[in-house]
Amino acid sequence: MGQGELLIGTEDRPATRVELQQIRHSGERAAKIVRNLLTFARHSALERSVADLNEIVRSTLALRANDLRAANIAVDEDYADELPLIIVNREEIQQAVLNLLLNAEQALRAVRRPGTMRLRTALAEDPGAVMFEISDDGNGVPPEVTSRIFEPFFTTKVSGEGTGLGLSVSLGIAAAHGGTLMLLPSARGARFALTLPMASVPALDTRETALTM
């Protein structure tokens, strides 16, 4: 990949530059697959600490905010107050949330019209767990492939736009933390729920409060 970058910077022939850019793109795709596989393989050995799911979702969303605005994708956010804390590897849960954000973003970009992504945190139906839910108003998941969407390397995207690892990696991360990742029924678009066990520590009030002297 490094050699490709150097060649692109010195190549003046348009046709050759296009070929070099294709090589770079393929290299980046291969690197992404390797990173995802490494994450999938070693997640259970990583350290964990107390974290706030609301904060993880907000900070992950901030990474995609500019791209979402550029794509005319609106984001509705609904964060539960006093959401119980979780004990997780923060980077892994952020990766799982990011994968779900990217999945929804790509689904909305595919319909080539302004769309809406909805993010929500809440207490899960299962006792002792919290939930992050994400939905979009894209075309949704075809019924005939719903049983395969968490399979490694399976993707409904066109060739070159997805590795087919995002959802499977996220599922592995959720399972390693004692949680779940599910595709939920939806009248329109796709709807996923990431569920994680609560930590046995006091809840954190994430509402903004005024400073007092």
task: Give me D for the stretch 45-150 in µm² s⁻¹, whole number, from Stokes-Einstein with Rh from the Kirkwood sum over alpha-carbon pairs, 25 °C and 0.890 mPa s.
output: 164
field: Per-residue HN-Hα couplings for the stretch 108-120 [Karplus 6.51, -1.76, 1.60; θ = phi - 60°; Hz; x = Gly/Pro]
entry: 6, 4, 5, 7, 6, 8, x, x, 10, 10, 10, 10, 8
field: Stretchable slack from Leu183 to Ala122, in nm (0.36 nm times residue separation minus alpha-carbon distance)
entry: 20.3 nm
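Rule-based calculations on the coordinates, nothing more; no lab input. Just so it is clear, the model here is predicted, and its values are computed rather than measured.
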